[in-house]
1. If packing is taken as the average count of other Cβ atoms within 10 Å, what order do 141-147, 280-286, 127-133, 26-32 fall into, highest mean first?
2. Using label points projected 7 Å from each Cα along Cα→Cβ, tell me how many nm separate residue 274 and residue 26, to one decimal.
3. Can you compute the helix-only [θ] at 222 nm over the chain? Use -39500 (n - 2.57) per DSSP H run of at least 4 residues, normalise by all residues, nearest 500 deg cm²/dmol.
4. Can you tell which of 295, 35, 279 shows the greatest fluctuation in a Gaussian network model of the chain with Cα springs below 10 Å?
5. Show me, for the stretch 85-92, the HN-Hα J-couplings you get by feeding each phi into the Karplus relation (A = 6.51, B = -1.76, C = 1.60, θ = phi - 60°), rounded to Hz, glycine and proline as x.
6. Would you please give the residues with an amide H less than 5 Å from that of residue 72, counting only those at least 5 places away or on a separate chain, with H modeled from the backbone geometry?
7. Please compute, for the alpha-carbon atoms of the chain, the extent along each of the three principal axes and give them in descending order in Å.
8. Once you charge only the Cβ atoms, +1 for Lys and Arg and -1 for Asp and Glu, what is the size of the charge dipole of the stretch 1-140 about its Cα centre, to the nearest 20 debye?
Amino acid sequence: MQAAVARSLGGPDVVRIEEVASPDLRPGTARVAVHSAAVNFPDLLVLAGKYQAKVLPPYTPGCEFSGRVLEVADGVTGVRVGDVVFGLATHGAFAEEVVLDAARLTALPAGARVDMRQLAAFGVTYTTAYHALRTFADVQPGEYVTVLGAAGGVGLAAVDVAIALGAKPVAVAGSAAKLAVAAERGAVGSVNYTSEDVKARLNELTGGGASVVIDPVGGPFAEPALRAMRWGGRYVVLGFAAGDIPRIPLNLVLLKGIRVMGFENRTILDHLPDVAAAHRTEVLKLLLDGAVRPHVGAVYPLGEIDSALTELAERRAVGKVVVSISE
């Protein structure tokens, strides 16, 4: 089979397309023919050797995909041969086939119809956004939600999910073009952090502060976003795409009665298996009902995987970048 292979750590330029053997089926796993795979920021971190979960080269990158089940190991339940699924892995998705724990796959109901590229772009970002807003922040209808990096994959998903849950998302991003995409998705307000005072503008748009902040970015705008929160707000940390881990003055947390929390989508099934599974079912229903819709900003063939990774690395991506692998 064809697969993207990184034979050393580094940037997108170290990834090459090679002919490799199909991975072996192991106990508790399923084999999936990959239709599409989406690029995520953790893919770049794993490739650079900077992610919490280390993967030693040579390996195939890619943590999110859609496809059809080809084979299941003895005793596997939950997915069957022929099921259309989306999956979440640490690596291995940028290939014609992937083998992973069946518990990391979610099968669509029989007869469900969904665009396979959108399905590939759904798993990581929408379950992350849903867990952030529903599982941890317990967002309520009518509450303002500040979304940092609102034109990125998780950011746009958070805008989409917030609206589906009856909340009012305010988008924060670095260009008018990116903010326009968030506005098209339904954001009730926007803040351009390159030209506006983030704290002042957020306070103005929310009438005194947001109840929730969704932060997949970190960096210098985390503190202004926290300062522009109501008393008793919930600040959810999802990652540090800006590259810098912010140092939040804890006196702000004290004075505002704010709860700061975070989680990794990679391990939430380990820590909250029942809640995570139930909420994954809820957000999948939103997708199938058309209440949310992943934004696919660019599609590349597998042979151009380095370009797909570079688009994300250079922060040019709007929504999700998808790699088309097979039909």
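Coordinate-derived values only; no laboratory data. From a predicted model like this one, the values you see are computed outputs, not experimental measurements. All Cβ positions, glycine included, derive from the backbone under ideal geometry; neighbour counts span all protein chains shown.
1. 127-133, 141-147, 26-32, 280-286
2. The modelled label-to-label distance comes out at 2.9 nm.
3. My calculation for the chain gives -8000 deg cm²/dmol from helical runs alone.
4. Among 295, 35, 279, the largest mean-square fluctuation in the Gaussian network model of the chain belongs to 279.
5. Listing the rounded values in order: 9, 10, x, 10, 9, 7, 6, x Hz.
6. Long-range HN contacts for residue 72: 31.
7. 57, 39, 33
8. About 220 debye.
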